[in-house]
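Scroll down for the structure; my scribbles are underneath it.
The values are calculated or read from the model by the stated rules, or taken from the named source; none is laboratory data. The structure displayed is predicted, hence computed values, not measured ones. Note that each Cβ is placed from the backbone with ideal geometry, even for glycine, and that neighbours are counted across all protein chains shown.
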């Protein structure tokens, strides 16, 4: 039964629950980067690429710290 989080299959590392305030900060950074990406969507390729890089770095920050590698 995967109806609750205790039984769900996930690649999240235990550290995600041990350092939850840091997760909130990283989540906020991702939201901010996504907002900048949306603002730059119509401002040309260069502006869009820079904003996409910031979104990618925000994603990578959580994944590097809190996601187990695939086997």
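Taking the condition of being in a helix (DSSP H, G or I), over 30 Å from residue 9 (Cα atoms) and without any contact (Cβ under 8 Å) to a residue 12 or more places away in the chain, how many residues in segment 40-71 meet it? Qualifying residue count, segment 40-71: 7.
Yes or no: residue 23 under 10 Å from the mean Cα position of the chain (by Cα), surrounded by 14 or more Cβ atoms within 10 Å (Cβ to Cβ) and at pLDDT below 95? Yes, satisfied.
Taken as a whole, the structure places residue 37 among residues that are surrounded by 12 or more Cβ atoms within 10 Å (Cβ to Cβ), assigned to a helix (DSSP H, G or I) and modelled with pLDDT of 95 or more.
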